[in-house]
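Have a look at the structure below before the remarks.
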Amino acid sequence: MKITFTEGSKSEIVGFMVDEGGKLPSAAEALDKETGGLLTEASASGRFSGKSGQQAFVVLPKGSSAKRAALIGAGKVKDRDDRAWERIGASTYKAHANSGFKSLDLHIDDPQNAARAALGAKLAAYRFDNYRTKMKAEDKPSLSAINFITTDSKTAKTAFKPLDAGADGTYLARDLVNLPPNDLYPASYAAKIEDLAEHGLEIEILGEKELAKLGMHSMLGVGQGSVKESKLGIMRWMGGKEGDAPVALVGKGVCFDTGGISLKPGAGMEDMRGDMGGSAAVVGAMLALAKRKAKANVVGLVGLVENMPDGDAIRPGDILTSASGQTIEVQNTDAEGRLVLCDVLWYAQEHYKPAAIVDLATLTGAIVIGLGHHHAGLFTNDDKLAGQLTDAGLAEGERVWRLPLGSEYDRQLKSKFADMRNIGGRAAGSITAAQFLQRFIKKGQTWAHLDIAGVAWVEGEKAPTDPSWASGFGPRLLDRWIADNYEG
Ligand code: BES
Ligand code: ZN
Ligand code: ZN
């Protein structure tokens, strides 16, 4: 999708925003006159009243400057926040995507608002058709260019640049989550991460030999039942001051989670292709940071494994020794994400002494029960960080909701045989998972964990900005958090 900003029109379809009440905007007056009042008539006919989500279309007479006009219901002016602008861009794209026309102009005077609408249009235009070989031309979107007509196209372009970088991060995260597990496994994933070097990221990939040397036997245990080699992917963006401690972003990258010997039920297991959603958020965020040349030091670390049942797989009852030296009794091989993260979190602290760590993981089914599909679970040892992440999530529409941590919950992890067990019983499953991770956070280390199991993908009816199975949750939240708190 090509997005441009100009001060004049050039497309086949021309769109005008209409406030609730139905009054035509001044930008539409000339065309309305030229067509003998066709736009006024459309704005006052049928149920169209300018309510958010409504659209009315006008076929323009021969010789007009465009072929079609669209009146786009933009709702009440007072409700028009960034989300609403994104929705205006997204629903305009969606309404004309398969119209047969290639280009559309949308009049939005304010350049900042035009940039937000452009982000919405770009998010809505995402497709994942790589695996379809029989798509007919008429099933593919025709609309390939949206031009925003604003009072100041230069300002709009500048405002769109970082938003565009964020959207590129979202696109990458969506692609990674959507990819099937036969094509996205630790080594192929690591190769995709290596490709990001072209954007200026420093990449390092560690394989099983190196991970064993580092004592990461908890993470290695998870990958032990798979023929695919486990990998640790490291991405560095050092755009900040030299010597400033970096922020660390850590992601769960379970490319497929069968549950292992504690096998998951068959129905719906295919969704576990998305169990690398936390890592996709981190990789997408790193791309966004590099694309907008963020003035911050950030390191992304993703633990890439496949959780399979096999003669050599870990068993319930096995005791693993983590890189931190702490031992873990595996009582359920399906609670594998924490076994991966605990070693990657330890590695991040040992090698980078981060100013703050945020980890993201599709960690528990319990968070889907608790928060559904509209908030990620937030767990943190730092109230300030809680506020920062909550604000960044609200600003970008990737919301998080804080849940508690506490020693009462931690006690549920006691093991008869080892330093801890990897499950905490039925009660408070998302909290005990977070408690498990906290056992690998050093004293004084600022840390937050986002359980994104409910938001990484969503089945069924979705927002126009979120058109695919994979939502691509995370990159824009992380990018915004870094922009607002680590860049001067
Ligand atoms: N990947 C799953 C969590 C998950 C469930 C993500 C549903 C997305 C949708 C995770 O590895 C898992 O299986 N967790 C178990 C933990 C339990 C065994 C303590 C769960 O949530 O059931
Ligand atoms: Zn699992
Ligand atoms: Zn999992």
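The values are calculated or read from the model by the stated rules, or taken from the named source; none is laboratory data. All values reported here derive from a predicted model rather than from experimental measurement. We place every Cβ from the backbone using ideal geometry, glycine too, and count neighbours over all the protein chains shown. Accessible surface is based on the protein model in full, side chains and every heavy atom, while ligands, DNA and RNA are left aside. Shrake-Rupley method; radii C 1.70, N 1.55, O 1.52, S 1.80 Å.
Between the residues Phe473, Ile452, Gln326, the greatest Cα displacement towards the positive end of the dipole of segment 164-486, with unit charges on the Cβ of Lys, Arg, Asp and Glu, is found for Gln326. Spatially, segment 416-488 and segment 400-415 are offset by 14 Å when compared through their Cα centroids. Protection proxy ranking for 180-186, 273-279, using the average of other Cβ atoms within 10 Å per residue and placing the highest first: 273-279, 180-186. Counting only alpha carbon atoms, the long axis of helix 475-485 and the longest principal axis of the chain meet at about 90°.
In terms of distances greater than 21 angstrom between alpha carbons, the cross-link table entries Lys33/Lys76; Lys192/Lys442; Lys291/Lys384; Lys33/Lys67; Lys252/Lys414 yield Lys33/Lys76; Lys192/Lys442; Lys291/Lys384; Lys252/Lys414. Largest accessible area first, the residues Glu138, Glu204, Glu86 order themselves as Glu138, Glu204, Glu86 under a 1.4 Å probe with ligands, DNA and RNA left out. Computed in the context of the full set of protein chains, the accessible area of segment 2-154 at 1.4 Å probe radius has 49% of its extent on carbon or sulfur. Can you give me the angle between helix 111-124 and the longest principal axis of the chain, using Cα atoms only, in degrees from 0 to 90, rounded to the nearest 10? Roughly 60 degrees between the two axes.
For the chain, the antiparallel share of DSSP beta bridges with both residues in that region comes to about 35%. Ignoring any ligand, DNA or RNA, what whole percent of the accessible area of segment 164-486 comes from carbon and sulfur when the probe is 1.4 angstrom? Of the solvent-accessible surface of segment 164-486, carbon and sulfur hold 50 percent. What do you get for the angle between helix 429-438 and the principal long axis of the chain? Use alpha-carbon atoms, 0 to 90 degrees, nearest ten. With rounding to tens, the tilt is 70 degrees. With contacts taken as Cα pairs under 8 Å and at least 6 residues apart, segment 9-164 reaches a relative contact order of 25 percent.
Each of Phe417, Phe57, Phe379 has its accessible area taken with a 1.4 Å probe; listed largest first, they run Phe417, Phe57, Phe379.
In the context of the full set of protein chains, residues of the chain present 42 Å² of accessible surface per residue (probe radius 1.4 Å, heavy atoms only). Relative contact order (percent) for segment 398-456, with alpha-carbon contacts under 8 angstrom and 6 or more residues of separation? Once normalised by length, the contact order is 30 percent.
Using heavy atoms of the protein chains and a probe of 1.4 Å, the accessible area assigned to Leu478 is about 0 Å². Normalised by the number of residues in the chain, the average gap of Cα pairs under 8 Å and 6 or more apart makes the relative contact order 15 percent.
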